[in-house]
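K.L.:
Would you mind keeping the following structure in view while I ask a few things?
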Ligand SMILES: NC(=O)c1ccc[n+]([C@@H]2O[C@H](COP(=O)([O-])OP(=O)(O)OC[C@H]3O[C@@H](n4cnc5c(N)ncnc54)[C@H](O)[C@@H]3O)[C@@H](O)[C@H]2O)c1
């Protein structure tokens, strides 16, 4: 059962490797409300979240975290308890498929 005082947490980069794993964990193992804020760069993959997208405690926002007015709207709308910031240009996948451009 979802508690009325369940915290709402923003997770940026939630379509990425680490973020999607964390969202799957939190949606399945806690009563937190999760707002996934992701720009969906080449690294973002919503398929890794298919098991949780129908959960009413999960919301996806296709947003660039550099878009300040959009973030202001999200904060005003959801009033999150906290933010877990995982949006990044980590290039992990690129470094595996084409490591030569990272060796210097
Ligand atoms: N992958 C690892 O093993 C690992 C280990 C330790 C720490 N980390 C750290 O965790 C963080 C995430 O790593 P990852 O491997 O999940 O990265 P990832 O590249 O798999 O995912 C990054 C996500 O951020 C999103 N994103 C990028 N720019 C954005 C923007 N401007 N606005 C909104 N979303 C944006 C992408 O669409 C993608 O979904 C990084 O800070 C990384 O250094 C990763």
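The values are calculated or read from the model by the stated rules, or taken from the named source; none is laboratory data. None of the values given here were measured: they were computed from a predicted structure. Every residue, glycine among them, receives a Cβ derived from its backbone with ideal geometry; neighbour counts consider all protein chains shown.
K.L.:
For residue 81, are the conditions met, namely being closer than 18 Å to residue 19 by Cα, more than 10 Å from the ligand (Cβ to nearest atom) and in contact (Cβ under 8 Å) with a residue 24 or more places away in the chain?
P.N.:
It is true that residue 81 is closer than 18 Å to residue 19 by Cα, more than 10 Å from the ligand (Cβ to nearest atom) and in contact (Cβ under 8 Å) with a residue 24 or more places away in the chain.
K.L.:
Sort out which residues of the range 1-33 are away from the ligand (no atom under 16 Å from the Cβ), modelled with pLDDT of 95 or more and in contact with a strand residue (DSSP E or B) (Cβ under 6 Å, 6 or more places away or on another chain), and write them in order of number.
P.N.:
8, 27, 32, 33
K.L.:
Same structure again: Tell me yes or no: at least one residue of the range 34-47 is assigned to a helix (DSSP H, G or I) and within 16 Å of the ligand (Cβ to nearest atom).
P.N.:
Looking only at the range 34-47, we keep the residues that are assigned to a helix (DSSP H, G or I), and these are 46-47.
Now drop any that are not within 16 Å of the ligand (Cβ to nearest atom), which leaves 46-47.
Yes: one or more hits.
K.L.:
In the range 26-61, which residues are over 17 Å from residue 10 (Cβ atoms), surrounded by fewer than 17 Cβ atoms within 10 Å (Cβ to Cβ), in contact (Cβ under 8 Å) with a residue 40 or more places away in the chain and touching a helix residue (DSSP H, G or I) at 6+ places or on another chain (Cβ under 7 Å)?
P.N.:
none
K.L.:
Which condition number in (1) in contact with a strand residue (DSSP E or B) (Cβ under 8 Å, 6 or more places away or on another chain); (2) more than 18 Å from residue 7 (Cα to Cα) is the one that residue 68 fails?
P.N.:
The one condition residue 68 does not meet is (1).
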